[in-house]
């Protein structure tokens with residue numbers, strides 16, 4: 001399967017051939033890992049909120065309490081679980097491979113659309129730029 005000149009490696013273009021990830025999935029099972037993904041996604045959101053709070057309170061000079069490390073750990077947890085979910089979906093007989101391929105293509109497409117929308121929003125020639133986002137990261141005096 002080819003997408004925009006690149007050959008796809010399975011449906012999810014992650015490390016779906018990594019035998020350690022497959023071993024983890026086999027041990028815990030799909031249902032458990034799907035529930036774990038929901039839990040870790042909440043923890044990732046919490047870590048992002050904590051980093052933002054610390055970042056604003058420290059006037060953008062960084063944080064000394066491990067907030068960046070926590071964000072990195074929670075991001076890794078979510079990515080690892082997403083790889084397991086994708087592996088399960090690829091190998092499971094009930095999964096419609098074309099539907100899954102469409103799902104991951106849609107995810108990549110939406111990601112690109114969102115990136116482009118944000119880039120347009122922050123573009124220097126955007127007259128509405130002053131009303132979006134930036135003031136929410138600045139510390140109020």
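We did not get these values from a lab; they are worked out from the coordinates using the rules stated. These numbers were taken from a predicted model, which means no experiment stands behind them. Note: ideal-geometry Cβ built from the backbone for every residue, glycine included; neighbour counts use all protein chains shown.
Here each label is just a point 7 Å from Cα along the line to Cβ, and for residue 27 and residue 114 those points are 3.0 nm apart. Here the extension length gained between residue 42 and residue 85 equals 13.8 nm, from 0.36 nm per residue of separation less the Cα-Cα distance.
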